[in-house]
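Working notes, beginning with the structure itself.
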């Protein structure tokens, strides 16, 4: 639970350095928190890691679309900072580092895991976007 | 509508597309916005092909085509929002193409909402927060912030020197290890999470994810380009970290 405030702060500040308009910065933090909470709570309830990522991404996608309609900004403004806590950068990096140290099998496994993470994040994020676009006018 | 106006509308749409692409929008949004602007100006059946490195637009009824090269790409969410707003206002009320073009150039030039002097501290703080998400400990947050200030400042210096991205990523990766190693020697903070947090915000996890978003949307060329961009970045970072670990003789990391 101690990690939750850091997910909020991390997403909000990265949002700011991605040049978010000031009024949207706290909302970006909320997106990061939601994605992280979805992931963390699913893990605690015993979901497999990748399923937990999927849950986090879906929640993030829904929240980003809702906020987009409420605050009249494109959803991508909320989705991109919100992704930060779940993004598989560290895994990809770990994989490359292992490759550079000749631990080929472990490195390849980590890279494959990073790709799965990214794919599932992207899929989870796309589903709410597609559904919302069917119901409402695009923002 | 005379063809002169179509040519002007094409300029407006292309400029908007370029700014969007440079600000980190996904291909679907770029193509969508360009099409919306062209339709607002009465162009029918525009064919738009946007990639992260260039945008091609052609009006099939007019036999006019425009090609615009896209060079630098960062993430600038305020510009994406501003262009989006402009394209919607164009649909509601048409502006003179010259006026719209002027407005787009204004958006491209607008300064960041985050004051310049806050840029490095903010990135350091974000990295310190991320340290906690990858298994860091609470007492490690402040040291992580300090180490990441060094990494971020080094990255700005590299950019200012005009070094290629891959080179500055290599240096950033090495800097993260050096900073974390010093913290380890002086304060006994474990190295792993500090390095991890420091490179977390440099690392292209976002680029990987966006590449796959483009792939899911069916924009395969763009997905490949973004994926390769991410791969080069992560390889350079890991190379820098690996080289620095070799120099400081560090053990297992992460």
**Q.** Identity of the residue in the stretch B:193-212, part of a helix (DSSP H, G or I) and more than 7 Å from chain A (Cβ to nearest Cβ), that ends up modelled with the highest pLDDT
**A.** B:211
Q: Evaluate the following for residue A:125: is it out of contact with any strand residue (DSSP E or B) (no Cβ under 9 Å at 6 or more places or on another chain) and surrounded by 18 or more Cβ atoms within 10 Å (Cβ to Cβ)?
A: yes
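Residues are listed down the side, and each one gets a yes or a no for (1) more than 8 Å from chain B (Cβ to nearest Cβ); (2) under 26 Å from residue B:231 (Cα atoms):
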{"residue": "A:50", "(1), (2)": "yes, yes"}
{"residue": "A:53", "(1), (2)": "yes, yes"}
{"residue": "A:69", "(1), (2)": "yes, no"}
{"residue": "A:73", "(1), (2)": "no, no"}
{"residue": "A:85", "(1), (2)": "no, yes"}
Q. Do we have any residue at all in the stretch B:108-128 that's under 16 Å from residue B:23 (Cα atoms), touching a helix residue (DSSP H, G or I) at 6+ places or on another chain (Cβ under 6 Å) and modelled with pLDDT of 90 or more?
A. yes
**Q.** Candidate set: the stretch B:61-97, residues that are in a helix (DSSP H, G or I) and modelled with pLDDT under 90; chosen: the one farthest from residue B:229 (Cα to Cα)
**A.** B:92
(Q) Here is a check on your reading of the model: is residue A:58 under 23 Å from residue B:27 (Cβ atoms), part of a helix (DSSP H, G or I), away from chain B (no Cβ under 12 Å) and at pLDDT 85 or above? (A) yes
Q. Considering the stretch A:1-38 alone, what residues qualify as being more than 8 Å from chain B (Cβ to nearest Cβ), farther than 22 Å from residue B:75 by Cα and at pLDDT below 95?
A. A:1, A:4, A:5
(Q) If I go through the stretch A:26-74 residue by residue, how many of them are over 16 Å from the mean Cα position of the chain (by Cα), more than 20 Å from residue A:122 (Cβ to Cβ) and surrounded by 19 or more Cβ atoms within 10 Å (Cβ to Cβ)? (A) 1
Q: Scan the stretch B:72-90 for residues that are more than 11 Å from chain A (Cβ to nearest Cβ), in contact with a helix residue (DSSP H, G or I) (Cβ under 8 Å, 6 or more places away or on another chain) and surrounded by 11 or more Cβ atoms within 10 Å (Cβ to Cβ) and report the count.
A: 3
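The values are calculated or read from the model by the stated rules, or taken from the named source; none is laboratory data. If you're wondering where the values come from, they're calculated on a predicted model, not measured in any experiment. Reconstructed Cβ throughout: ideal geometry from the backbone, glycine too, with neighbour counts over all protein chains shown.
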